[in-house]
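Okay, so here's the structure we're looking at.
The values are calculated or read from the model by the stated rules, or taken from the named source; none is laboratory data. The model shown is predicted, which means the values in this text are computed figures rather than measured ones. Reconstructed Cβ throughout: ideal geometry from the backbone, glycine too, with neighbour counts over all protein chains shown.
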Amino acid sequence: MSKRYICLLICVCLFVVFACSQAPDNSHLSFYQWAQTPPMGWNSWDCFGPTVTEDEVKANADYMSIYLKEYGWQYIVVDIRWYVQNDKAHGYNQKDPIIDMDEYGRLTPAVNRFPSAAGGKGFKPLADYIHSQGLKFGIHIMRGIPKLAVEKNTPVLGSDVTAQDIYNTKQLCLWLGDMYTVDAAKPGAQEYYNSLFALYAAWGVDFIKIDDLSRPYHQDEIELIRKAIDQCGRPIVLSTSPGETPIASAAHVSTHANMWRIIDDFWDNWSQLNVHFALFEKWIPYMGPGHWPDGDMLPLGRIGIRAERGDNRMSMLTRDEQYTLMSLFIICRSPLMFGGNLPDNDEFTNQLLTNQEALAVLQNSTNNRLLFNDGEKIAWAADAPDSGDKYVALFYSSDQKPVLEENAIYSSKLLSTKPDEQMTKVIANIAGAKKLYLVVTDGGNGNHWDHADWIEPQLTGPKGNLRLTDLQWVNAASGWETVKINHSVAGNKLVVDGKEYDNGIGTHASSIIEYDIPAGYDTFSSLVGLDGECIMHPEGATVKFHIFTQYPTGCPPQDSLDVAVDLAQLGIPGQCRVRDLWAKQDLGEYTNTISLNVKKHGARLVKISKL
């Protein structure tokens, strides 16, 4: 062999080594293959809170296997605190939980609720049952290591350290006191998470929802979790919770998790659904096969059986609002995790879950994008694969237009959590007015914790005094949860500036409460302020209170209106055929523009084919 050839061979080898060292390492993205389309399943939280039992899980699995599996529904997920024997509905049992845990500080199913877990079997028998139905099994856990494990100083499997060597007390969960933080910098931290996922893999877990990861964003623990899943030997879809995940962490979360929450817990009221429009617009650039922004569970069907919000009920979303929910989640390709108790589904709920034409948009569409949003008329679009057809979702939100503060007859100063800025007094002249609108707007720092109270609101005039809480409102919308009489928006005592009040209205920015003013009253007065439940929260709160006697956004909503889309904007000018996917019927041929009537809070989901 010539020296020249040897030198050439060495150069080639060196080039290959250099090229390989410079190439990006995408091995950590192999988990994308585990969720190529948005996961679809059932989660126990909306029905049963922290108290679900094995029989209830099996009943939902049976129903899914018989009625929903063929449409793409496959995950059965046991939500929070399955390891607590004595948990209770409507308020976590944080003071005296009886927790099941193994000798390595790993939580195990409470045997009184999951009898098949007896004898150290864990969730394996339940997972086997669900797998036998052709479905997949998931669980919820909290970030960190159990405080009980630290108290008992359990050994960390696969290491020489114990629980007390790997924990810290930084950024502990504010709403559940079961866990300490796992300190990623300490030896044994990775081994602890490895031991968790080795256990879950042995049980047959296919999906894991991990709570208290997203806000604040725990990047170090997310990286520990990602490594632990990748080495456990089983594909386990990772869902991080709750939200909103910080948009600044979008690149990181989208390369470490299959789905991540973009909102806090979503319940069955229009205000929380309405927020999703802006959130999906923000997060849609980070959506793609294997990594999905998650709008949270679908609060549909029978919920609240033993839940944390409200009583046993069918979803309080109207049918039009349910079409909006499903259409928006589908066109934005959010994971679909059904919250209702499946065996109690009615015919309407089932047709939302089994419409193959609508679900094809979720499973197969591309180039999902917002076309326009003028504050009430909204249109999203997506491309159908291969055919050149387009999908369009049309919405009439009716109440996204900004409040015209310049039209208010009263606007408060900016209120905040600072001691001298939490409350103020309102007195407004409403002589001659027929309408009264109580409005709270966000003060500019976001509206996550803007809990606001109207304290002792009343009308006065020649007829005397009338407590507003004795008058039925016409409409009431709140930025989070629902407007409450004589309670905060979260359902607690009204507390402003440290003092409790029995009479008042609890709401959350941004909100509009509309009243008809009876004759004989010319003045409105109220104490207004931030409710005490948000004062100490680290995210803070800022709001302004306003009084209007005309509709705050300029014109009141209509029962329905026409929403039009220019076909050239979709790339299919000329003639087309339009099919209504929810109604499963052809609407006919259109030229240059489609215009469809949409009900207030409603939606239309259509497929457009070029002729």
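Table: residues versus (1) out of contact with any Gly (no Cβ under 8 Å at 6 or more places or on another chain); (2) within 19 Å of Phe338 (Cα to Cα); (3) of a type in the set (A, V, I, L, M).
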site	(1), (2), (3)
Leu273	yes, yes, yes
Phe277	yes, no, no
Glu281	yes, no, no
Asp294	no, yes, no
Leu298	no, yes, yes
Ile303	no, yes, yes
Arg309	yes, yes, no
Asn312	no, yes, no
Leu317	yes, yes, yes
Give the range 54-84 a look and list any residue that's more than 24 Å from the chain's Cα centre (by Cα), touching a residue at least 40 places away in the same chain (Cβ under 8 Å) and surrounded by fewer than 18 Cβ atoms within 10 Å (Cβ to Cβ), or say none.
Lys58, Ala59, Asp62, Tyr67
Are there any pairs with C-beta distances below 8 angstrom linking a residue in the range 392-419 that is under 30 Å from Asp566 (Cβ atoms) and at pLDDT 95 or above to a residue that is crowded, with 22+ Cβ neighbours inside 10 Å and among the aromatic types (Phe, Trp, Tyr), with the two at least 6 apart or on different chains, and if so which?
Val392/Trp380; Ala393/Trp380; Phe395/Trp380
Pull up the range 85-116, narrow it to residues that are crowded, with 17+ Cβ neighbours inside 10 Å and free of Cβ contacts under 8 Å to residues at least 40 places away in the same chain, then point me to the one that is nearest to Asn341 (Cα to Cα).
Asp87
If you check Val403 against the conditions, is it closer than 24 Å to Asn503 by Cβ, aliphatic (A, V, I, L, M) and in contact with a Pro (Cβ under 7 Å, 6 or more places away or on another chain)?
no
Matching strands (runs of 3 or more DSSP E) fully within the range 356-398 where at least 2 residues are surrounded by fewer than 16 Cβ atoms within 10 Å (Cβ to Cβ):
366-373
Name the strands (runs of 3 or more DSSP E) wholly within the range 454-501 that hold at least 3 residues that are within 19 Å of Val426 (Cα to Cα)?
464-467, 494-496, 499-501
Can you tell me which residue among Lys463, Lys413, Lys418, Lys434 is closer than 30 Å to Lys377 by Cα and in the same structural domain as Asp516 (by TED's automatic domain parsing)?
Lys434
In the range 563-592, residues that are without any contact (Cβ under 8 Å) to a residue 60 or more places away in the chain, in a loop (DSSP other than H, G, I, E, B) and in contact with a Leu (Cβ under 6 Å, 6 or more places away or on another chain) total 2
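Looking at the range 87-144 only, could you name the residues that are aliphatic (A, V, I, L, M), farther than 21 Å from Ser239 by Cβ and touching a strand residue (DSSP E or B) at 6+ places or on another chain (Cβ under 9 Å)?
Ile98, Ile99, Met101, Ala110
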